[in-house]
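Asker: Please see the structure below; I have some questions.
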Amino acid sequence: MPDFRPVALALCLAAGPALADPASDYDQLRKALPTLLFGTDVGLHMQSATDTIRRLEGRWFLMTGLMEDGVTFPEDEYLTIGCDKLAYTLAADGLLGLTLTFRSKPDPLVITMHYAGGNSFVSSFDDAGMMSRFLGEKPPEDVSPNVLYSILVTSPWQGYISLIPAGKDLILLQPLAKPPELLVRCP
């Protein structure tokens, strides 16, 4: 009796999934996120981080809260209003750091981010500024422990965060184990 196993194997392989095209996928990735850098040259990564920080200096608005369905980009008028009232100022801080400053009373909120390799930064903030941002001039003693915990401990601005420029006017911020945030450059 003839052995049909080789023929059956060939038919199964022919009916399998189409061959992958990772080079094409990589091209799409580079077009979508041109600042991503691969490889092990530490100097190249540090220079890229420094260049990125300098290029991002300016005023930005945290757009994520206006994206109600999580997908649709808000109308231009919302960006104008947001930039007038709620803009962050991004500035370089040393060679490999940056600050995001938000005007709030009585204390400004200052978020500090230091380069940690790749697209990662370690982010922290000053407690007084964060409480001013969310509580205004209300004393922390008048706020429940749950609210204070939410403001000071579970903030996306605390810990490791990936900063990925998605063009010259968008920054994707991906905190560790939290939803992403989207900063949009103010006109």
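The values are calculated or read from the model by the stated rules, or taken from the named source; none is laboratory data. None of the values given here were measured: they were computed from a predicted structure. We place every Cβ from the backbone using ideal geometry, glycine too, and count neighbours over all the protein chains shown.
Asker: Quickly run through the range 31-52 and pick out the residues that are surrounded by 11 or more Cβ atoms within 10 Å (Cβ to Cβ), farther than 15 Å from residue 162 by Cα and of a type in the set (Gly, Ala, Ser).
Answerer: Within the range 31-52, 32 is the sole residue that qualifies.
Residues are listed down the side, and each one gets a yes or a no for (1) of a type outside the set (Ser, Thr, Tyr); (2) touching a Gly at 6+ places or on another chain (Cβ under 9 Å); (3) within 13 Å of residue 183 (Cα to Cα):
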position: 51; (1), (2), (3): yes, no, no
position: 56; (1), (2), (3): yes, no, yes
position: 63; (1), (2), (3): yes, yes, yes
position: 66; (1), (2), (3): yes, yes, yes
position: 74; (1), (2), (3): yes, yes, yes
position: 81; (1), (2), (3): yes, no, no
position: 89; (1), (2), (3): no, yes, yes
position: 97; (1), (2), (3): yes, no, no
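Asker: Of the residues in the range 16-33, how many are modelled with pLDDT under 75 and either small (Gly, Ala, Ser) or closer than 19 Å to residue 117 by Cβ (or both)?
Answerer: Just the residues of the range 16-33 that are modelled with pLDDT under 75, to begin with: 16-19.
Adding the requirement that they be either small (Gly, Ala, Ser) or closer than 19 Å to residue 117 by Cβ (or both) leaves 16, 18.
So the answer is 2.
Asker: How do the pairs read when you match residues in the range 139-168 that are over 30 Å from residue 54 (Cα atoms) with residues anywhere that are assigned to a helix (DSSP H, G or I) and of a type in the set (A, V, I, L, M), using Cβ under 8 Å and keeping only pairs 6 or more apart or on different chains?
Answerer: That search, which allows pairs on different chains as well, returns 140/131; 140/148; 143/135; 148/131.
Asker: Looking only at residues that are loosely packed, with under 15 Cβ neighbours inside 10 Å and touching a residue at least 24 places away in the same chain (Cβ under 8 Å) in the range 126-138, which one is farthest from the chain's Cα centre (by Cα)?
Answerer: Residue satisfying both the conditions and the ranking: 137.
Asker: Okay, next question. Output the number of the condition that residue 48 fails; it satisfies all remaining conditions of (1) part of a helix (DSSP H, G or I); (2) closer than 29 Å to residue 140 by Cα; (3) free of Cβ contacts under 8 Å to residues at least 40 places away in the same chain.
Answerer: (2)
Asker: Against the condition within 16 Å of the chain's Cα centre (by Cα) and either assigned to a loop (DSSP other than H, G, I, E, B) or of a type outside the set (Lys, Arg) (or both), how does residue 173 come out, does it pass?
Answerer: Values: within 16 Å of the chain's Cα centre (by Cα): yes; either assigned to a loop (DSSP other than H, G, I, E, B) or of a type outside the set (Lys, Arg) (or both): yes.
Here the answer is yes, as residue 173 does meet what is asked.
Asker: For the range 152-187, give me the residue count where each residue is among the aliphatic types (A, V, I, L, M) and in contact with an Asp or Glu (Cβ under 9 Å, 6 or more places away or on another chain).
Answerer: The number of residues fulfilling the criteria is 6.
Asker: OK, next. For the range 53-82, what are the residues that are basic (Lys, Arg) and not in a helix (DSSP H, G or I)?
Answerer: Passing the criteria: only 59.
Asker: Moving to a separate point now. Consider the range 173-187. How many of its residues are without any contact (Cβ under 8 Å) to a residue 24 or more places away in the chain and surrounded by 17 or more Cβ atoms within 10 Å (Cβ to Cβ)?
Answerer: Total meeting the criteria: 2.
Asker: While we're here: Pairs under 7 Å by beta carbon, first residue without any contact (Cβ under 8 Å) to a residue 40 or more places away in the chain and within 15 Å of residue 64 (Cβ to Cβ) in the range 74-87, partner in a helix (DSSP H, G or I) and not acidic (Asp, Glu), six or more apart or different chains?
Answerer: 74/66; 78/66
Asker: Within the range 114-129, is there a residue that is of a type in the set (A, V, I, L, M, F, W, C), in contact with a helix residue (DSSP H, G or I) (Cβ under 8 Å, 6 or more places away or on another chain) and at negative phi?
Answerer: First pass over the range 114-129, keeping only residues of a type in the set (A, V, I, L, M, F, W, C): 116, 121-122, 125, 128.
Those still in the list that are in contact with a helix residue (DSSP H, G or I) (Cβ under 8 Å, 6 or more places away or on another chain) too: none.
No, that holds for no residue.
Asker: Answer yes if at least one residue in the range 71-92 is in contact with a Ser or Thr (Cβ under 9 Å, 6 or more places away or on another chain) and at pLDDT below 90, and no otherwise.
Answerer: no
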